[in-house]
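I have placed the structure first, in the form of structure tokens, so that the comments after it can refer back to it.
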Amino acid sequence: MTNNMRRDFSSRDELISYLRKEFPSAAAIDNHIGDIRGGRKAAEFALSQTDPRLYSRTRNTLDGAVTRLSPYIRHGVLNLAEVRDYALQRVEAPKEAESLIRELGFRDYFQRVYQAIGEEIWQDQEDSKTGYPPSAYSSTLPPDIHNASTRMACIDAFSKQLRESGYLHNHARLWLAAYIIHWRHVQWQAGARWFLTHLLDGDPASNNLSWQWVAGTFSSKPYFFNRENLEKYTAGVYCQVCPLKGKCDFEGSYTTLEARLFPQRNQGAEAIPVPKRWTSKEPNSSQHQLHHPIIWIHGNNLSPYQPSLKKYPSAQAVWVWDDDLLRTRKISLKRIVFMYECLLELPVSIRRGPVSVVVNEFANEQDADGIVTCYSNAPRFRQIQQELSQNRPIEALDPKPFIQYKGPLELKRFSHYWRTVETYAFQAATD
Ligand SMILES: Cc1cc2nc3c(=O)[nH]c(=O)nc-3n(C[C@H](O)[C@H](O)[C@H](O)COP(=O)(O)OP(=O)(O)OC[C@H]3O[C@@H](n4cnc5c(N)ncnc54)[C@H](O)[C@@H]3O)c2cc1C
């Protein structure tokens, strides 16, 4: 008798009703299920639809040819190197894939910053440049934003889409975040938590640092927009049906809006970024001679081609739903469904509970001499890794890197990072 969760489902509906029963708290947070299917097969199909040339021409418009690969990349179902390699194959000259490769670089950059600062990702990285003190911002998200009842057609549509599908176009994320922080004076952390509850690609690095970029605590100025900008990149679909058309909060030129949103910005002392220099740390891949290990699969490595399964193809593998994390992060059901679909394509026993305790139980059952996993830069991973290492050696294998560059990196701004790594980012990975 094992504590394994089910793997035998005849349909997606059957899986969903099982997960609704197993994770009632996640379903109570939000009961919607997204259309994006989990798993490597679905990821490969989405990758095959990627057109780097069309992407570079249209990526800023809401109906542009963006890839929707982020949930797969976030969970390691695809890695950045293979997306980049595929993009290079699809074009005649590397330049034609530049726009997409640069965006992949943003993800790599945010991950490196996360590696360097850990839980500090929840703190302002620099002084705000809005002219307002932190006390001017509320710590909770107003209900009309998450209920989609602001009466602004665009904002309500983005809110609904986030909750119902778990995916938002980058531009919609920017507009929604700017509205929440600069028009509604809500702390970026409250918005970031809301996004992490719903996004299928929810990732503290890309998410929190993007929120901070909008807030102006990780950039040289706050990001805001006007109605013209939104109308241009949405083909006017929201403005046409908006009850507030012509009198919404986004009306006006950038100069007018800047004066309205940040009246004290130029009057006080010029906000100075906290002088912080980051250099990247190399992931630690501890090597051990293991003969009969088990594999611990976690949320960053849900690919059948990930290094642990490749190196130890006959080892038994376990996944553990981290109930504590699901509760504290308020992860909604759609993300659980997505991840479960990924797990169903992997040779893994699915369990739940306190992660290190359950992985240890599994290792005892298998009489394992060690645990193999993939390295992750999340502080929680490092904590669990530390707990597991009390009982057995643990080998954390590095995922395939996006760039081969190993020297020091200036991470204060993306532009600094990109200047150093750009050439490497266009080099296809070697096995
Ligand atoms: C407020 C806010 C919150 C965000 N939260 C997240 C998050 O939790 N998880 C997440 O993966 N991304 C996040 N992003 C970044 C970006 O919006 C998404 O990665 C992108 O929209 C995903 O859609 P896509 O796969 O169709 O992207 P595409 O435009 O097709 O890009 C391809 C891939 O490049 C990477 N990428 C693209 N743009 C960015 C970017 N600006 N920053 C980092 N990586 C990028 C992603 O891995 C993406 O899948 C956030 C952006 C903002 C403004």
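Worth a mention:
- Within the stretch 124-145, the set of residues being touching a residue at least 12 places away in the same chain (Cβ under 8 Å), surrounded by 15 or more Cβ atoms within 10 Å (Cβ to Cβ) and part of a helix (DSSP H, G or I) comprises ILE145 only.
Matching residues to (1) in the same structural domain as TRP418 (by TED's automatic domain parsing); (2) touching a Cys at 6+ places or on another chain (Cβ under 6 Å); (3) crowded, with 16+ Cβ neighbours inside 10 Å:
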residue	(1), (2), (3)
LEU78	yes, no, yes
TYR86	yes, no, yes
ILE101	yes, no, yes
LEU104	yes, no, yes
VAL113	yes, no, yes
ALA153	no, yes, yes
SER159	no, no, yes
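- Restricting attention to the stretch 181-198, the residues that are more than 21 Å from ILE117 (Cβ to Cβ) and either part of a helix (DSSP H, G or I) or within 7 Å of the ligand (Cβ to nearest atom) (or both) total 5.
- Neighbours by Cβ (under 7 Å, 6+ apart or cross-chain): first from the stretch 155-175, among the β-branched types (Val, Ile, Thr); second assigned to a helix (DSSP H, G or I): ILE155/LEU176; ILE155/TYR179
- Subset of the stretch 10-30 (residues that are within 25 Å of the chain's Cα centre (by Cα), surrounded by fewer than 17 Cβ atoms within 10 Å (Cβ to Cβ) and acidic (Asp, Glu)): GLU22
- Residue in the stretch 358-369 that is more than 17 Å from HIS75 (Cα to Cα) and among the β-branched types (Val, Ile, Thr) present: yes
- Among residues of the stretch 206-231 that are under 30 Å from PRO243 (Cα atoms), those with a beta-carbon under 6 Å from a residue that is in a loop (DSSP other than H, G, I, E, B) and within 11 Å of the ligand (Cβ to nearest atom) at least six positions away or on a different chain give the pairs VAL214/TYR223.
- Out of GLU270, GLU251, GLU258, GLU231, sole residue that is in a loop (DSSP other than H, G, I, E, B), modelled with pLDDT of 95 or more and farther than 16 Å from LEU168 by Cβ: GLU251
- Of the residues making up the stretch 203-253, not one is over 26 Å from ASP127 (Cβ atoms), small (Gly, Ala, Ser) and within 16 Å of the ligand (Cβ to nearest atom).
- Any hit, the stretch 31-45, residues being in a loop (DSSP other than H, G, I, E, B), aliphatic (A, V, I, L, M) and more than 20 Å from PRO401 (Cβ to Cβ): yes
The values are calculated or read from the model by the stated rules, or taken from the named source; none is laboratory data. Here the structure is a predicted model, which means the values were calculated and not measured. Here Cβ is always computed from backbone atoms with ideal geometry, including for glycine, and neighbour counts include all displayed protein chains.
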